[in-house]
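**Q** There's a structure below that I have some questions on.
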Amino acid sequence: MKRIWILLVLNLMQSKTIVTQSSNDTSLESIPEDGKLNFSELAVKYGHKCDEHQVVTEDGYILTVFNIKGNKNKPVFLMHGIIDNCDTFIVRGNTSLAITLANQGYDVWAGNNRGNKYSKRHVTLDPDADKKSFWNYSQHELGVYDLPAMIDLVLNQTGQTGLQAIGHSQGNSIFYILTAEKPEYNDKIKLMIALAPICYLHHVKETVQVIIDVWPVISPALQLSGTYELLTRDSALVKAIEALCTRKLIGYAICATAVFAIAGPDKEELEPEFLPILFGHYPDVATIKNGNHLVQIADKKRFTKYDYGLLSNYKVYGSAKAPNYLLENVRIPVALLVGQNDYLSTVKDVALLRKNLPNVVYYHEMQRPKTNHADFVWGKNMKDYLFPLVLELLQKYQ
């Protein structure tokens with residue numbers, strides 16, 4: 001774990017070593033075709049037409065949303081998690097969630113949060129020249145600004161008054177933020193299927209807790225160096241990760257181990273042959289502020305808004321403490337699907353979420369004891385143990 005942080009700091013200090021290594025070592029021949037294609041190209045390869053839409057948020061970020069065309073009366077909106085993008089729902093090709101839904105006739109919409117490779121634009125800010133302003137957001141802004149812009153786009157394009165949504169990881173917590181802060185959006189979501197739902201972080205496993213413990217030391221150092229974002233797809237660090245993780249033998253030994261340390265181990269679902277495809281798309285950007293926000297939630301053991309410090313909290317919230325998000329305002333029907341081997345979204349923390357959400361209509365612990373955080377989007381056999389549950393829920397609440 002310490003080596004990962006050292007790599008991050010070296011990259012953020014603009015180390016030329018990683019840049020040189022990545023440019024020399026990365027070979028496109030080592031990445032299979034599905035690791036090179038973007039979302040719409042993958043959709044076409046697996047038999048579907050796909051449109052690309054842009055929408056501007058209230059605070060000026062330009063987001064890309066992909067639409068695999070289907071029955072406009074059945075829109076399903078997919079939302080990825082942290083350090084990810086919408087490719088996560090299609091990288092498995094014919095056995096991915098996006099293609100499975102499209103094959104069933106659903107009108108599939110895949111969203112992208114601000115800052116990732118599909119949404120790295122703003123009407124006035126430049127992500128490189130205006131770093132401090134452009135990257136000044138956490139999951140709060142993703143919920144309050146990004147989600148409503150994308151949801152309204154889907155509803156306007158389909159002519160529907162409501163949609164069904166499927167989120168993974170932080171792609172669920174931002175829905176709770178949206179509907180807590182803007183309760184009118186409860187009426188626009190017929191069902192929220194929460195895969196590996198993140199909200200509370202009280203009981204994360206030890207390997208995840210290490211990151212939480214070290215973050216308050218790393219974060220200020222990064223910001224002092226002028227770094228406000230990590231893991232952009234065009235960064236030297238991501239190129240180095242890609243160069244390493246797309247190599248079948250050493251890549252799997254190191255990179256799969258790193259994934260399992262965060263998500264929970266499950267070699268059966270993340271096989272060596274898939275890793276070069278996966279790391280052609282993953283990871284994607286996260287901001288320092290978003291990391292701060294998640295660590296605050298873990299430390300305070302509350303689903304709280306961003307803590308700016310005593311004086312700034314008075315200016316922003318009118319109180320010394322950052323207030324909690326009001327989960328009692330979240331009226332959308334929520335289905336919670338949790339893995340027993342999930343190191344991030346633990347069974348205990350999802351139980352707490354279940355207790356505090358007022359409209360949980362379905363709760364399910366995956367029967368495979370090894371099911372981890374990543375299996376819900378990347379698992380080799382999702383079609384067998386996950387998709388039947390998802391399709392049944394969508395049909396029931398259509």
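Read-outs throughout are calculated quantities, based only on the coordinates presented, and are distinct from any laboratory measurement. Since we're looking at a predicted model, the values are computed, not measured. Don't worry about glycine lacking a Cβ; one is built from the backbone with ideal geometry, like all the others, and counts go over all protein chains shown.
**Q** Within the chain, what's the longest run with no GluC sites (Glu not before Pro) in a DSSP loop and at most 15 other beta-carbon atoms within 10 Å? Give the range, please.
**A** In the chain, the maximal stretch lacking such sites is 59-267.
**Q** Counting alpha carbon pairs within less than 8 Å and at least 6 residues apart, what relative contact order, in whole percent, applies to the chain?
**A** Details: 771 pairs, mean separation 80.7, N = 398.
Relative contact order comes out at 20 percent.
**Q** In the structure displayed, which of LYS72/LYS188; LYS36/LYS370; LYS74/LYS370; LYS205/LYS321 lie more than 23 Å apart, Cα to Cα?
**A** Working: LYS72/LYS188 15 Å; LYS36/LYS370 30 Å; LYS74/LYS370 33 Å; LYS205/LYS321 27 Å.
From the list (LYS72/LYS188; LYS36/LYS370; LYS74/LYS370; LYS205/LYS321), the Cα-Cα distance tops 23 Å for LYS36/LYS370; LYS74/LYS370; LYS205/LYS321.
**Q** Long-range amide H contacts for THR304: which residues qualify at under 5 Å (H placed 1.01 Å from N, peptide plane, sequence gap of 5 or more or a different chain)?
**A** Hits under the 5 Å cutoff: TYR325.
**Q** Would you mind telling me the antiparallel percentage of the DSSP bridges in the stretch 2-396, rounded to 5?
**A** 40 percent
**Q** Return, in residue-number order, each cysteine of the chain whose C-beta is not under 4.7 Å from any other cysteine's C-beta.
**A** CYS50, CYS86, CYS199, each lacking another Cys Cβ under 4.7 Å.
**Q** Provide the per-residue ³J(HN,Hα) series for the stretch 239-249, in order, calculated from phi with Karplus coefficients 6.51, -1.76, 1.60 and θ = phi - 60°, each as a whole number of Hz, with x at glycine and proline positions.
**A** Rounded to whole hertz, the list is 4, 5, 4, 4, 4, 6, 6, 8, 8, 4, 7.
**Q** On a C-alpha basis, how far is the centre of the stretch 171-195 from the centre of the stretch 225-260 in Å? Whole number, if you could?
**A** 32 Å
**Q** Once fully extended, how much extra length lies between HIS202 and GLU268, figured as 0.36 nm per residue of separation less the alpha-carbon to alpha-carbon distance?
**A** 21.0 nm
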